[in-house]
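Read the figures in this text as sums done on the coordinates, not as results from a lab. Model, not experiment: these values are computed from the prediction. Cβ coordinates were reconstructed from backbone atoms using ideal geometry, including for glycine residues, and neighbour counts include every protein chain displayed.
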Amino acid sequence: MLRNTVIVLLTCVILVLTTYVSGGPADADPTAGADFVGAKSCKRCHYKQHKTWTKMKHSQAWDLLQPKLEAPDQKDHDGRLCISCHVTGFGQADRGGFKSVEESKHLLGVGCESCHGPGSKHVAAGDVLKKEKRKKFNADEPTFIVLRTTKCANCHNPHHPHG
């Protein structure tokens, strides 16, 4: 009897931890309905993180690509556009993601939203904090909406000739 109870409890703990670590159900997107806003919007509240990011290669991803591109439609060896990994929100223009260099200068480079997802809801929730000059949300206020998991392997994978 005790053995069965322990097994059931361990199974429940594993299920809860798996759901928490994975960020919830696989089909749940906490950024649904949010649009891309660019790293400068994040800088307003996350100054230290933004400063660190500006020193990283991710922030310079577009600049590092430019000399190597002969034409904007050049494709890499697996058929994707090279720029897909060097800008934020590529292929998601309907959500305010990268459209072109002229229209999306604020999304050049691998910005915050490349990993955390579109940030308009997060910015709106943060504006509540700034306006009321509070450091924490109350229980009845909206929470920040960001992706918990990143998909680094979308760009950093063994099929690319770079790290």
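A full extension of the chain between THR5 and VAL101 corresponds to an added length of 28.6 nm, given 0.36 nm per residue minus the alpha carbon distance.
Sorting the segments 49-62, 104-117 by their mean number of nearby beta carbons within 10 angstrom, highest to lowest, gives 104-117, 49-62.
Among SER120, SER100, sorting on how many other beta-carbon atoms sit within 10 Å of each Cβ, with the fewest leading, yields SER100, SER120.
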